[in-house]
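Structure record follows, encoded as structure tokens.
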Amino acid sequence: MSRQRFLSALAVVVTAYITLAASAQSTTLAATPPMGWNSWNHFAGKVNDADVRAAADALVSNGMRDAGYIYVNIDDTWQGQRDAQGVIHANSKFPDMKALADYVHSKGLKIGIYSSPGPQTCAHYAGSYQHEEQDAKTYAEWGIDYLKYDLCSFGQILKADAGDNRDKAFAMQKAAYEKMHQALVATGRPIVFSLCQYGWNNVWEWGRDVGGNLWRTTGDINDHYSRMAEIGFSQAGLARFAGPGHWNDPDMLEIGNGGMNENQYRQHMTLWVILAAPLLAGNDLSKMTPETLALLTNKEVIAVDQDPVGKQGDRVSAVGPSEIWAKPLSNGDKAVALFNRAETSAPIRLHLREVGFPDNAKLRDLWQGREVTAANGVYTVLVPPFGAVLLKVSR
């Protein structure tokens, strides 16, 4: 066999191996929606090594780790300069990223990091453009378990190379995410791949194909009820695109950051678990009220999000400001959420047959932690302003 034929055959084998490895990872990584903490919503560009260590400590001491929050994710502004060989180094805020990862791992947690397929991140730090393989290798050497990959300045590349050709720009965007996915797989280290490109080009239709374990379906959330509700309730109709290893991501949790009241935060959490959304807390874990911690760590509520069937919920009905959503669970059960989007309390009536159950089905209020009873197949409850009730319905 000639050298050229041998190299061609070897390339085919390597490509097949990477494809098989990618397929295997897609079924084992993020089998349920990832849970953890992300630095951006509270710390933004001020995050440093000490903040991340403190977050890891808090997740352990306050019980969040045991409730399922295992990822400690560093968002933008960790990057320093590339050396002469092009290898990325962290900046002075993170003097030893490998040591930081080791510390997080020692707590029984996993660690995440952030980059962009463009030359710069959103905060104008170094992105991974033309350094994808190098960066993936560096992340693996550090011990990184999760990568959030934010489109940001890649738009400049699209404009320069594709102009007004939308089909070409779309193909380039997909190729950029696929390139990093293959680079991550080639490291041999399981790294959750989080696509952050704001739902453009209906990413839910192709995010899985480029190796995404989760993909943002919307623009950025903020700590205001109107924005949370706009994002969360707009997820109706996307359930069929989610499942084990690949999840729709309506962005991080704002619970505990102070911009909403307790009812609104309960609606936020209820909506996210019905959506089988990733649960990434974004608050200061060192300054939580007992109420915030209770919202984030209710085991029965989290179990809805983490149900192994891996089904996303969807809207059943909407009448004025009242909405009913349902999510299939294991053993034929369903989680049913009753949402009041009005500024005054409102009674909401759930007809059990509307969600596929007989009149004598069993009901449990998961936030209250108690059984409740329907009358003649109808359960009626007064839901507070901007509030939610979460039920588990069983035959």
Per the rule of 0.36 nm per residue minus the C-alpha distance, extending ASP359 to SER106 adds in nm 86.1 nm
Local electrostatic count at ALA101 - Lys and Arg +1, Asp and Glu -1, tallied over other residues with Cβ under 13 Å | 0
Note: VAL319 to ARG53 extended length (0.36 nm per residue) minus current alpha-carbon separation gives 91.1 nm
Any chance you could list the semi-axes, whole Å, largest first, of the equivalent ellipsoid that the Cα gyration tensor gives for the stretch 280-395, using √(5λ)?
-> 24, 18, 13
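Please report, to one decimal in angstroms, the Kirkwood hydrodynamic radius of the chain built from all distinct Cα-Cα pairs.
For the chain, inverting the mean 1/r across all distinct Cα pairs yields 22.1 Å.
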Pair THR28, ALA84: separation of 7 Å Cα→Cβ label points (nm) = 4.0 nm
Calculate the spin-label point distance for SER394 paired with ARG370, positioning each point 7 Å from the Cα along the beta-carbon direction, and give it in nanometres.
-> 1.8 nm
Dipole of the stretch 314-394, positive direction: furthest Cα of PHE357, LEU391, LEU329, with charges on the beta-carbon = LEU329
Could you give the distance between the Cα centres of the stretch 127-203 and the stretch 317-387, to the whole Å?
-> 41 Å
Which whole-number percent gives the relative contact order of the chain, counting Cα pairs below 8 Å spaced six or more residues apart?
-> 14 percent
Per-pair calculated FRET efficiency, R0 = 51 Å: LYS168 and LYS287 via Cβ, rounded to 0.05 = 0.60
Given 37 °C and 0.692 mPa s, how large is the Stokes-Einstein diffusion coefficient of the stretch 295-356 in µm²/s, with Rh as the Kirkwood radius over Cα pairs?
-> 256 µm²/s
Only helical DSSP H runs with n ≥ 4 go in: add -39500 (n - 2.57) per run for the chain, normalise by residue count and round the 222 nm mean residue ellipticity to 500 deg cm²/dmol.
-> -10500 deg cm²/dmol
Normalising by the residue count of the stretch 226-343, find the relative contact order in percent from Cα pairs under 8 Å and 6+ residues apart.
-> 25 percent
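How big is the Rg/Rh ratio for the stretch 94-143, C-alpha atoms only, Rh by Kirkwood, two decimals?
Working: Rg = 12.1 Å, Rh = 11.8 Å.
So for the stretch 94-143, dividing Rg by the Kirkwood Rh gives 1.03.
Bear in mind these aren't lab numbers, they're just calculated from the coordinates by the rules spelled out. Here the structure is a predicted model, which is why all the values come from computation and not from measurement. Heads up, the Cβs are rebuilt from the backbone with ideal geometry, glycines too, and the neighbour counts pull from every protein chain shown.
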